[in-house]
Amino acid sequence: MSRKALALEEGSLDPALFRMERKGWLRLRWGTSENNRWAKFYRLTPTGYRQLAERAEGWAEFSTAVAKVMEPPRS
């Protein structure tokens, strides 16, 4: 989705998903992937959706502030 602008190392994603599952934000389900391999599937819980909404709002405010700081000075 980020067109390679964001690169996640393999070892950094699993601990983050585990923390989110432990907090009740995600639910884990094992199943078979499209290429017929055993895989983990994650789904946001209602609590996870609330967290997403709160953090998205905070991120929008932060990124707007950064964009203002990065604007070139007006002449």
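The values are calculated or read from the model by the stated rules, or taken from the named source; none is laboratory data. Keep in mind that what you see is a predicted model, and the values were worked out from it rather than measured. Backbone-built Cβ (ideal geometry, glycine too); neighbour counts: all protein chains shown. Just so you know, the surface numbers come from the protein's heavy atoms only, side chains and all, with ligands and any DNA or RNA stripped out. Shrake-Rupley method; radii C 1.70, N 1.55, O 1.52, S 1.80 Å.
Normalised per residue, the accessible area of the chain is 97 Å², obtained with a 1.4 Å probe and no contribution from ligands, DNA or RNA.
Close amide H contacts of LEU26 (hydrogens built in the peptide plane, cut-off under 5 Å, sequence separation of 5 or more or a different chain): GLU21, THR45. Calculated mean residue ellipticity at 222 nm for the chain: -17500 deg cm²/dmol, from DSSP H runs with n ≥ 4 weighted as -39500 (n - 2.57), summed, divided by the residue count and rounded to 500.
Taking the chain as a Gaussian network of alpha-carbon nodes connected by springs under 10 Å, the highest mean-square fluctuation of the residues TRP25, TRP38, TRP59 belongs to TRP38. Computed about the Cα centre, the dipole magnitude for the chain is approximately 200 debye when only Lys and Arg (+1) and Asp and Glu (-1) carry charge, each at its Cβ. To the nearest 10 degrees, how steep is helix 10-22 against the longest Cα principal axis of the chain, on a 0 to 90 scale? Rounded to the nearest ten degrees, it is 80. Of all the options PHE18, PHE62, PHE41, the one that moves most in a Gaussian network model of the chain with Cα springs shorter than 10 angstrom is PHE62. Here's the picture: charge each Lys and Arg Cβ at +1 and each Asp and Glu Cβ at -1 in the chain, and of LEU44, LEU6, PRO73 the one pushed furthest to the positive end of that dipole is LEU44. The value of relative contact order for the chain, using C-alpha pairs under 8 Å at least six residues apart, is 19 percent. Taking label positions 7 Å along the Cα-Cβ direction at both LEU8 and MET70, the computed distance is 2.2 nm, reported to one decimal. How tilted is helix 46-70 with respect to the longest principal axis of the chain? Cα atoms for both, answer in degrees (0 to 90, nearest 10). Relative to the chain, helix 46-70 is tipped by roughly 30 degrees. Which of these values of mean projected area of the Cα convex hull in nm² was calculated from the structure shown: (1) 7.9; (2) 7.5; (3) 5.8? Among (1) 7.9; (2) 7.5; (3) 5.8, the one calculated here is (2).
Comparing ALA16, ALA53, ALA65 in a Gaussian network model of the chain, where Cα atoms under 10 Å apart are tied by springs, the biggest mean-square fluctuation is seen for ALA65. Approximating the spin labels as points 7 Å out from Cα along Cα→Cβ, the TRP59-to-LEU44 distance works out to 1.0 nm. Remark: the MET1-ARG37 segment gains 10.7 nm on full extension, using 0.36 nm per residue and subtracting the alpha carbon distance. Out of the total accessible area of the chain (probe 1.4 Å, heavy atoms of protein only), what percent is carbon and sulfur? Exposed carbon and sulfur together represent 57 percent of the surface.
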